[in-house]
Amino acid sequence: MHPKTDLPPIGRATLKDPEIPGLELRGNSKSATWTLRHRVDGHRIRDTIGRWPGLSAVAARKAAYAKIASVAITKASGGDVLAQRAERQKFKKARSFDEALKIYSAQRSDLRTIDHAERVIRNVFACLLQEKLPALTKAKLLACNDKHRESAPSVADLSIRYLRPFLKWAYDRGEVSPDLLTLRVGQTAKRDRYLSKQELAAILRAVQSQGTHVAAAATKMMVASAQRRNEVAGMKWSEVEGNLWTIPGERTKTGNDYFVPLNQMALEVLKEVETKKAETDLVFAGRTGVTPFGGWSKYKAKLDEKSGVSDWTFHDIRRTFATLCADEGVDAVIIDRCLNHVGATSLNDVARRYQHSSMIEQKRLVMDQWSEILMCLTNEC
C-alpha cells in the first residue's frame, strides 16, 4: 500500500489494507482517513481510526488491532459494545452548553428577565460554556458557583435560580442527566444593609476628594442616579440627551429601555468628565477607552479607608436611596420606578400588566429631591 501514489491527487478513493480485513484508507494523496469495518453481534459498523499522513499504515494497523481487541474484551466482560458506541456517537453530536443556552434564550424570549438570566449564567459558568451538555455534572457546576460565591454570593444564588429552568429544558430534550434537576444551593441570607446619612456623607466627601478620577466620578453618578453599578459603568454619551439618560434594554435587568431623569448632581458629574467626551463614547471608560472602568475592588478598598465606612457594597446605595426617600414621604411605587423595579414590590401582578407608564415626571421630581438631600449631606446642612 502506497497512499502517495495509489490515491488520486484530488477527489476521493478507497484503499484496502492487505494485512487486516476491513481496514481502509479513504481520501486522496493529500489527506485521507483510516477506518475499520467489522461486525459486532451481527451488525456491520465502521470505526474511524485516524488521519493519514499523520497516522502511518503501521500505526493504523496497531490501532485497528487494539480496536478489535477492545471489542472482544468488552463482550467477554458482558458489556454492550453497540450501546457504548451509540453513546459515544450521541456525545459527539451533542450541543455545547453555549449553543444550547443560545437556543433556550431565543425560545424563551417572552420572559421579561431572560436577557439578564443569560448574562448571569454566562458570567458565573463561563468556564463550562464549551462543555458538551452530557458532560455537565453537579460537581462541575457547583465548583464554578462556589468560586463566584467568594466575591458575589447573591449573584451565585441568582445563577442557580436562573440555571435550573434551563437544565429542566435540556433534560426534557434528553440532553442532560436527571441528576442535574436536583441542583440546589443554600440561599445566602438576603442583604438589607443601607447607609445612614452620616455614612453616605462620609463616602461622598471621600469621593469628592478624589477629583475627576473615573471611579470617583462613576461612584458619584451611582449615588446621584441610584442606578446599578454595571449600568452606570457602561453609560455612554450617546445615551444622554439634555437631562435625560436612556439605558438601553441590553444593559438593564428588565431587558427594556429605561429612562433616568438626571438631577443637578448627576449633571455636575457629566460636566466634570466632559473633557474626555471626544476620546470615547463611554462616560466612565477604562484605560484603553474601549471598555468601561473595571477596577472596582481596589477602588472600593481605598474608598473604605478614606471614608472610614466599611461593610457596604455599591448596591447598598440603591437600598439607601429607597430608605431615605421613604423617610421623606416619597410614594413606594415611584421609588420602585426610580430603581427600575417596575413596581415589583408595590403593585400586584394584575396591576403590573396594566400599568405601563414610565412616570417620567414623577421620577424627575423625586430625583431632584434626592439631589437636594445629597447636596445637604455634603454641605452639612
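The values are calculated or read from the model by the stated rules, or taken from the named source; none is laboratory data. Because the structure is a prediction, the values reported are computed rather than measured. Every residue, glycine among them, receives a Cβ derived from its backbone with ideal geometry; neighbour counts consider all protein chains shown. Side chains included, ligands, DNA and RNA excluded: accessible areas come from the protein's heavy atoms. Shrake-Rupley method; radii C 1.70, N 1.55, O 1.52, S 1.80 Å.
Residues that are under 23 Å from Trp245 (Cα atoms) and open to solvent by less than 50 Å² (accessible area, probe 1.4 Å): which helices (runs of 4 or more DSSP H) entirely in the stretch 271-342 hold 2 or more of them?
316-327, 332-338
Name the helices (runs of 4 or more DSSP H) wholly within the stretch 144-233 that hold at least 2 residues that are open to solvent by 80 Å² or more (accessible area, probe 1.4 Å) and among the charged types (D, E, K, R)? Show your work before the answer.
On the way: elements: 153-172, 197-208, 214-225, 229-233.
Where helices (runs of 4 or more DSSP H) fall fully within the stretch 144-233 and carry at least 2 residues being open to solvent by 80 Å² or more (accessible area, probe 1.4 Å) and among the charged types (D, E, K, R), they are 153-172, 197-208.
Just for the stretch 107-119: of the residues that are more than 11 Å from the chain's Cα centre (by Cα) and within 16 Å of Asn256 (Cα to Cα), which one is least open to solvent (accessible area, probe 1.4 Å)?
Here is the first cut: in the stretch 107-119, the ones more than 11 Å from the chain's Cα centre (by Cα) are 107-114.
With the extra rule that they be within 16 Å of Asn256 (Cα to Cα), the set shrinks to 108-114.
Values: Arg108: 83, Ser109: 84, Asp110: 115, Leu111: 65, Arg112: 137, Thr113: 46, Ile114: 12 Å².
Checked the stretch 107-119; the qualifying residue least open to solvent (accessible area, probe 1.4 Å) is Ile114.
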Whether any residue in the stretch 141-148 is within 16 Å of Tyr104 (Cβ to Cβ) and among the basic types (Lys, Arg) is what I want to check.
no
Is it the case that Lys67 is under 45 Å from the mean Cα position of the chain (by Cα) and of a type in the set (Lys, Arg)?
yes
So, in the stretch 94-125, of the ones that are β-branched (Val, Ile, Thr) and either in contact with a His (Cβ under 9 Å, 6 or more places away or on another chain) or not in a helix (DSSP H, G or I) (or both), which residue ends up farthest from Ile160 (Cα to Cα)?
Thr113
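Would you point out the residue of the stretch 241-255, among those that are open to solvent by 50 Å² or more (accessible area, probe 1.4 Å) and in contact (Cβ under 8 Å) with a residue 24 or more places away in the chain, that is nearest to Val155 (Cα to Cα)?
Of the residues in the stretch 241-255, the ones open to solvent by 50 Å² or more (accessible area, probe 1.4 Å) are 241-243, 250-251, 253.
Pick out the ones that are also in contact (Cβ under 8 Å) with a residue 24 or more places away in the chain and you get 243, 250, 253.
Values: Asn243: 32, Glu250: 18, Lys253: 13 Å.
So, considering only residues that are open to solvent by 50 Å² or more (accessible area, probe 1.4 Å) and in contact (Cβ under 8 Å) with a residue 24 or more places away in the chain, the one nearest to Val155 (Cα to Cα) is Lys253.
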Taking Gln130 as meeting all but one of (1) assigned to a loop (DSSP other than H, G, I, E, B); (2) open to solvent by less than 80 Å² (accessible area, probe 1.4 Å); (3) closer than 22 Å to Leu180 by Cα, write down the number of the exception.
(2)
